[in-house]
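Let me begin by presenting the structure, written as structure tokens, before commenting on it.
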Amino acid sequence: MTTQGSGLLADKVALITGASSGIGAAAARVFAREGASVLLVARREKQLADLADALQEDGYKARYAVADVARSGEVAEAVRAAVEHFGRLDVAFNNAGYGVEQTPLHLMDDQVYDRIMDTNVRGVWNCLRHEITAMLETGGGAIVNTSSVGGLVATPVAAPYVTSKHAVVGLTRAAAAEYAAQGIRVNAVAPGTTRSEMVTEWFRNNPAVEPTLHRLTPQSRTAEPGEIAEAAAWLCSDRASFATGVILPVDGGFTIL
């Protein structure tokens, strides 16, 4: 049986979106291990319930709320659930996102553009609004958004995704500037290629992609979800107390070349 009395996020209350798989699920485990009570948010209830149950069985405080981050009312309910279950909201990791659609810009379907922007931009916007409202009531907090190396550099045949992740950078910096004096820090992680369900399927269907990406990455490998989660946990912790408006590449060196 594990107790939650120490760690980077000891006694914090954390909300994590996109928590049903990949980086979000890894973050749920890392944040709980580091002492946080966690409210898990995603659209897939079974995966959320299974993960929350597993965390509880290990002695951690974990609950879940089913929500689509593109829907403001559902995000508001999720934030409310965190406050009702655990008393307040200290930390948020806005990780939910929609992946790359590899299509030339002039052939990209409007519905694909809308879906990516709704999840990746409106989703972060909705989360920030409701999380900041809750944090202002208790004197501050820390928020980390998930951008991407695609928010720092451009990649071909992924214009809506690149646009959305650049927008997350802008939202992060704008919120950081606006709320620093009120005790709320807002940062972002910019992951490189990470072994999520989506990326694993992409590699399976396109065998040449992974070795190509490795050649473009100084560390010559794909990240594991937990490596991104660890960076997010540090940015959410008090050990990063003088960091706000930071866009932290966690990319094996991809963006330095």
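The values are calculated or read from the model by the stated rules, or taken from the named source; none is laboratory data. None of these values were measured; they are calculated from a predicted model. With ideal geometry, Cβ positions are generated from the backbone for all residues, glycine too; neighbour counts draw on all protein chains shown.
Here's a check for you: in the stretch 224-250, which residue that is crowded, with 17+ Cβ neighbours inside 10 Å and out of contact with any helix residue (DSSP H, G or I) (no Cβ under 9 Å at 6 or more places or on another chain) is nearest to Thr193 (Cα to Cα)?
Restricting to residues being crowded, with 17+ Cβ neighbours inside 10 Å and out of contact with any helix residue (DSSP H, G or I) (no Cβ under 9 Å at 6 or more places or on another chain), the top hit is Ala231.
Restricting to the stretch 1-18, name every residue that is over 13 Å from Tyr98 (Cα atoms), modelled with pLDDT of 95 or more and not β-branched (Val, Ile, Thr). Please lay out each step first, then the result.
First, the residues of the stretch 1-18 that are over 13 Å from Tyr98 (Cα atoms): 1-16.
With the extra rule that they be modelled with pLDDT of 95 or more, the set shrinks to 7-16.
Matches in the stretch 1-18: Gly7, Leu8, Leu9, Ala10, Asp11, Lys12, Ala14, Leu15.
Taking the stretch 120-165 as the search range and keeping residues that are surrounded by fewer than 20 Cβ atoms within 10 Å (Cβ to Cβ) and hydroxyl-bearing (Ser, Thr, Tyr), which one is farthest from Val75 (Cα to Cα)?
Among those residues, the one meeting the criterion is Thr155.
Name the pairs whose Cβ atoms lie under 8 Å apart, with the first residue in the stretch 5-22 and touching a residue at least 40 places away in the same chain (Cβ under 8 Å), the second charged (D, E, K, R) and assigned to a loop (DSSP other than H, G, I, E, B), and 6 or more positions between them or separate chains?
Leu8/Glu34; Leu9/Glu34; Lys12/Asp90; Val13/Arg88; Val13/Asp90; Ala14/Asp90; Ser21/Arg44
What do you reckon, is Gln102 touching a residue at least 40 places away in the same chain (Cβ under 8 Å), among the polar types (S, T, N, Q) and surrounded by fewer than 20 Cβ atoms within 10 Å (Cβ to Cβ)? Step through it out loud before you land on a result.
Values: touching a residue at least 40 places away in the same chain (Cβ under 8 Å): yes; among the polar types (S, T, N, Q): yes; surrounded by fewer than 20 Cβ atoms within 10 Å (Cβ to Cβ): yes.
For Gln102, the condition - touching a residue at least 40 places away in the same chain (Cβ under 8 Å), among the polar types (S, T, N, Q) and surrounded by fewer than 20 Cβ atoms within 10 Å (Cβ to Cβ) - is met.
At least 3 residues that are within 29 Å of His166 (Cβ to Cβ) in each: list the strands (runs of 3 or more DSSP E) lying fully within the stretch 21-108 that qualify.
Numbers: elements: 37-42, 62-66, 91-94.
Ranges flagged: 37-42, 91-94.
Out of the stretch 118-164, which residues are touching a Phe, Trp or Tyr at 6+ places or on another chain (Cβ under 7 Å) and either assigned to a helix (DSSP H, G or I) or at pLDDT below 95 (or both)?
Across the stretch 118-164, the qualifying residues are Thr119, Asn120, Ile132, Val149, Gly150, Pro160.
Scan the stretch 44-54 and tell me whether some residue there is touching an Asp or Glu at 6+ places or on another chain (Cβ under 8 Å) and closer than 25 Å to Thr200 by Cα.
Residues of the stretch 44-54 that are touching an Asp or Glu at 6+ places or on another chain (Cβ under 8 Å), as a first pass: none.
For the stretch 44-54, residues touching an Asp or Glu at 6+ places or on another chain (Cβ under 8 Å) and closer than 25 Å to Thr200 by Cα: absent.
One line per residue, one yes/no per condition, for (1) more than 15 Å from Gly141 (Cβ to Cβ); (2) of a type in the set (Ser, Thr, Tyr):
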{"site": "Ala208", "(1), (2)": "yes, no"}
{"site": "His214", "(1), (2)": "yes, no"}
{"site": "Arg221", "(1), (2)": "yes, no"}
{"site": "Pro225", "(1), (2)": "yes, no"}
{"site": "Ile228", "(1), (2)": "yes, no"}
{"site": "Cys236", "(1), (2)": "no, no"}
{"site": "Ser241", "(1), (2)": "no, yes"}
{"site": "Thr244", "(1), (2)": "no, yes"}
{"site": "Asp251", "(1), (2)": "yes, no"}
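Across the stretch 48-70, what is the total count of residues that are within 17 Å of the chain's Cα centre (by Cα) and not hydrophobic (A, V, I, L, M, F, W, C)?
Residues of the stretch 48-70 that are within 17 Å of the chain's Cα centre (by Cα), as a first pass: 48, 51, 64-70.
With not hydrophobic (A, V, I, L, M, F, W, C) added as a condition, the list becomes 64, 68.
Selection size over the stretch 48-70: 2.
Would you confirm, using the coordinates I've provided, whether Gly170 is surrounded by fewer than 18 Cβ atoms within 10 Å (Cβ to Cβ) and within 29 Å of His130 (Cβ to Cβ)? Steps first, answer last, please.
Values: surrounded by fewer than 18 Cβ atoms within 10 Å (Cβ to Cβ): yes; within 29 Å of His130 (Cβ to Cβ): yes.
So Gly170 passes the test.
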